[in-house]
Ligand code: F6R
């Protein structure tokens, strides 16, 4: 949701750097929220923290700072907001300050007891300018800071005040604070919301994810659940909320460069990331085989013996990640012959799912911070099941709280709409399925190797789609740009691909779109089909061998007879499709279970082209944020 950055530098060298780091970090974090942005700076001699904030995109804040420059500082905090409490506006933007203006805070999450705290503070005479829960925390922190100063004989201790406040808050939060009386430190606390430290030389950083500081350092430190942190230029101290020091917080090196999170000449991040689909599959396969070509998932940390005992898989995920799980269900059930359930993470724990120690729960998440998925995995672990995360973000909460992790190596995904992560998630889930087949002896070794050969060939096939289908896709978007609604239909693995294609068009082109299993057409959705209604069909490959091919073609005939405009994703040269479809996005030949990896690609491009034709910002669609860290 919101993006958070913090910086503590050396008094002699910092000057404009705290502000520079914040603005640069906010620029990289803007995908997390973009309805307002702000910074707060502290330096020795300041009487109050200097705060500047503006509604709208980060650019508004930067323009404002250029017009009215800010003073040099030693520490700074910066925030880009995705509104939860209070509409996007200058006054609701973060940072928020204490009553005396000496303390400023930024916050990600939702403080659930904010209303009560606000009433308590109002009863003591506090006034509030904004509708936010964050301002409540700012006023509260200011009050606690004053109390600590009184107890300490006049000495401020922002770190202690932050811990005391963290113990009082309910809900989800990452909070950073600066106090002009301690202009050498930034303090933070987290509960159910991400926070990571960047370790520099003579400077340290804080961020909601490593993108906040990767341009400056690749050394990162994890801050765990219910921990507080204090960074100065030369020190990093981590404690629990009671003040007990955490001895050796886990550190790691970020495995991607700042350039990976830059547009690099592309028109948009989405365009760049769709074109990284082949590399995302390739990199996710890299290093996962031993010298004999067998799958080796060393990093997974679950004993082979435990893997053998697994008799059911439940995938928990949201949105695009859940569709990747749905694709994997078809493959894993076919290969391993154990049931695979797929459950939207936010529904999971409320339906009292049947979980045993032999159930493997697979949590799929690009960001690794999706609160719904995190809550689902916690529930699964409480019930005694093992959880394996398929995740694209090193050190994020979901992999950290899981028993095992299989990282996708898609590289940072910046555009809000998920694209390359989807193909990487399918690839990782396929590796998991084939590994299970290997350890359980559910398939012959040769069969597994044959499937792996097809999988390894998919980056080339995806590249073919990118190289040859772009102009057809662009003109299809031009022809249908004024359509009021779309239907997306598919069967078997084509069904989740249809759902994903529909989701992409909804979220970035704001077109009303529904995805259905094509077999469902006659049971209701066909009533929607009218003259000229665009209907997108995912036509299965392996014509003649795949019984579903003929059934999907019948579906096409039925809607064609009612005047629909047919857009098909189909195998190169499929004569049935050529006969009926108005437009075809061709795929090269591939086995049915591999087809989702290519079929989604034209749908991603189609949604992007459509959004661009309508003049929308494809990277930052309205109302959405990249990582959904609240329930
Ligand atoms: C769609 C999209 C969302 C995410 C969903 C899960 O383009 O981006 O549907 O897929 O919010 O996010 P992660 O994978 O980060 O858990």
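A few points about this structure:
- Of all the numbered requirements in (1) more than 17 Å from residue 392 (Cβ to Cβ); (2) more than 16 Å from the ligand (Cβ to nearest atom); (3) outside any strand (DSSP E or B), residue 260 misses one, and that requirement is (1).
- Output for the stretch 341-361, where each listed residue is closer than 15 Å to residue 627 by Cα and either buried (at least 22 other Cβ atoms within 10 Å of the Cβ) or away from the ligand (no atom under 14 Å from the Cβ) (or both): 345
- Condition check for residue 418 on (1) within 25 Å of residue 499 (Cβ to Cβ); (2) surrounded by fewer than 23 Cβ atoms within 10 Å (Cβ to Cβ): one failure, at (2).
- Check on residue 267, at pLDDT below 95, more than 30 Å from residue 183 (Cβ to Cβ) and assigned to a loop (DSSP other than H, G, I, E, B): yes
- The stretch 362-377, residues that are more than 7 Å from the ligand (Cβ to nearest atom) and in a strand (DSSP E or B): 362, 363
- Taken as a whole, the stretch 128-145 holds no residue that is within 24 Å of residue 15 (Cα to Cα), modelled with pLDDT of 95 or more and assigned to a loop (DSSP other than H, G, I, E, B).
- Looking across the stretch 378-414 at every residue that is assigned to a strand (DSSP E or B) and farther than 18 Å from residue 288 by Cβ, the one that is nearest to the ligand (Cβ to nearest atom) is identified as 387.
- Positions within the stretch 227-251 being surrounded by 15 or more Cβ atoms within 10 Å (Cβ to Cβ) and farther than 19 Å from residue 18 by Cβ, in sequence order: 227, 228, 237, 238, 239, 240, 241, 246, 249
- Of all residues in the stretch 194-211 being modelled with pLDDT under 95 and in contact with a helix residue (DSSP H, G or I) (Cβ under 8 Å, 6 or more places away or on another chain), the one that is surrounded by the fewest Cβ atoms within 10 Å (Cβ to Cβ): 211
- Top-ranked residue of the stretch 596-631 - restricted to ones that are more than 30 Å from residue 396 (Cα to Cα) and in contact with a strand residue (DSSP E or B) (Cβ under 8 Å, 6 or more places away or on another chain), ranked as nearest to the ligand (Cβ to nearest atom): 606
- Only residues that are closer than 30 Å to residue 417 by Cα and either within 13 Å of the ligand (Cβ to nearest atom) or outside any strand (DSSP E or B) (or both) were counted across the stretch 301-329, and they come to 15.
- Qualifying positions in the stretch 306-318 - surrounded by fewer than 22 Cβ atoms within 10 Å (Cβ to Cβ) and touching a strand residue (DSSP E or B) at 6+ places or on another chain (Cβ under 9 Å): 306, 307, 310, 311, 312, 318
- Comparison of 104, 76, 14 shows that the only residue that is outside any helix (DSSP H, G or I), crowded, with 22+ Cβ neighbours inside 10 Å and out of contact with any helix residue (DSSP H, G or I) (no Cβ under 8 Å at 6 or more places or on another chain) is 14.
- Counting only strands (runs of 3 or more DSSP E) that sit completely within the stretch 477-590, those holding 1 or more residues that are within 16 Å of the ligand (Cβ to nearest atom) and either without any contact (Cβ under 8 Å) to a residue 40 or more places away in the chain or buried (at least 19 other Cβ atoms within 10 Å of the Cβ) (or both) correspond to 485-490, 512-517.
The values are calculated or read from the model by the stated rules, or taken from the named source; none is laboratory data. Note that the coordinates shown come from a computational prediction; the quantities given were computed from them, not determined experimentally. Counting neighbours? That spans all protein chains shown, and the Cβs are built from the backbone with ideal geometry, glycine included.
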